[in-house]
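*Asks:* After the structure tokens below, expect a handful of questions from me.
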Amino acid sequence: GAVVSQHPSRVICKSGTSVKIECRSLDFQATTMFWYRQFPKQSLMLMATSNEGSKATYEQGVEKDKFLINHASLTLSTLTVTSAHPEDSSFYICSAPTGANQPQHFGDGTRLSIL
Amino acid sequence: GESVGLHLPTLSVQEGDNSIINCAYSNSASDYFIWYKQESGKGPQFIIDIRSNMDKRQGQRVTVLLNKTVKHLSLQIAATQPGDSAVYFCAENKGGYSTLTFGKGTMLLVSP
């Protein structure tokens, strides 16, 4: 089946640090990937749509300068949380559909803890 | 999009029982519906999907029912096992590469 790999799985760092999270589609090409944020016992909230070769589309209320997205190849999208603060602590998850009208397949998430 | 709840509804069943998890969606333009299973500390895992031109689809031990008239989706799990314990989310979109909207989720607890 389609595999999406996310790295790192866990990050603990000091306030003010920038953190990069990678999302890779391992056995298919993904022109579109999605980034979500999830708080404990809550649903997934879409942050942005990552488009290969063009700018990401951000959901309302998500700061694009805070959450930088780069989708430079058909198998890799990165999310950089810039100057992270404790309120940015969360579970970040990426996904990619294998094609149009196909289900999104998810990575195993990145637990970000900012001290 | 969907509102996000602070407390997950919970369904507790005994091993071997059949489980039914329900989901109401709000967008009548949605064309594609998916059920995901999320275990603690992991990303959602695809279970089964259904398109709006169908009202029922079966997989291995799972069945999804779609009622477009009342905008309701359900997931039936036959002979529930402890390994089925997880949070289950329904999700919907308008097809293509459109964004998914997730439901609030239901926690399924299976007792041996």
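*Asks:* In a GNM of chain B with a 10 Å cut-off on Cα contacts, which of B:SER74, B:SER85, B:SER26 has the highest mean-square fluctuation?
*Replies:* It is B:SER26.
*Asks:* I would also like to ask the following. Which whole-percent values make up P(r) of the range A:53-115 when all C-alpha to C-alpha distances are grouped in 10 Å steps starting at zero?
*Replies:* 18, 48, 30, 5, 0
*Asks:* Which Cys residues of the protein assembly as shown have no other Cys Cβ less than 4.7 Å away and so no disulfide-compatible partner by this rule?
*Replies:* So, A:CYS13.
*Asks:* More than 26 angstrom separation, counting every C-alpha pair in the protein assembly as shown; what % is that?
*Replies:* Percentage above 26 Å: 37.
*Asks:* Rounded to the nearest 20 debye, what is the charge dipole size of the range B:4-111 about its Cα centre when +1 sits on each Lys and Arg Cβ and -1 on each Asp and Glu Cβ?
*Replies:* 280
*Asks:* Next up: Averaged over its residues, how many other protein chain Cβ atoms are within 10 Å of peptide A:44-51's Cβ atoms?
*Replies:* 3
*Asks:* While we're here: Counting only protein heavy atoms and rolling a 1.4 Å probe, how much accessible area do A and B lose on contact, total for both sides, in Å² to 100? Don't skip to the end; give the middle numbers.
*Replies:* Values: alone 6410 and 6680 Å², together 11070 Å².
For A against B, buried area totals roughly 2000 Å².
*Asks:* Here is a further query. Compute a Gaussian network model of chain A, connecting alpha carbons closer than 10 Å, and tell me which residue from A:LEU26, A:LEU76, A:LEU46 fluctuates the most.
*Replies:* Result: A:LEU26 has the largest fluctuation of those listed.
*Asks:* Among B:VAL70, B:VAL62, B:VAL87, determine the one that fluctuates most according to a GNM of chain B built with springs between C-alpha atoms less than 10 Å apart.
*Replies:* So, out of B:VAL70, B:VAL62, B:VAL87, the one fluctuating most is B:VAL70.
*Asks:* Note down the magnitude of the dipole of the protein assembly as shown about its Cα centre, charges +1 on Lys and Arg C-beta and -1 on Asp and Glu C-beta and zero elsewhere, to the nearest 20 debye.
*Replies:* It works out to roughly 100 debye.
*Asks:* Let me confirm one metric for peptide A:29-42, namely the mean number of other chain beta-carbon atoms within 10 Å of its residues' beta-carbons.
*Replies:* 3
*Asks:* Stokes-Einstein D for the range B:4-111 at 20 °C, 1.002 mPa s, Kirkwood Rh over Cα pairs, in µm²/s?
*Replies:* 153
*Asks:* Using a cut-off of 15 Å between alpha-carbon atoms, which aspartates and glutamates can reach A:LYS14, once sequence neighbours fewer than 8 places away in the same chain are excluded?
*Replies:* Within reach: A:GLU87, A:ASP88.
The values are calculated or read from the model by the stated rules, or taken from the named source; none is laboratory data. Treat the numbers as computed from the prediction; the structure is a model and nothing was measured. In this analysis, Cβ positions are derived from the backbone assuming ideal geometry, glycine residues included, and neighbour counts consider all displayed protein chains. SASA here: full protein model, heavy atoms, side chains in, ligands and nucleic acids out. Shrake-Rupley method; radii C 1.70, N 1.55, O 1.52, S 1.80 Å.
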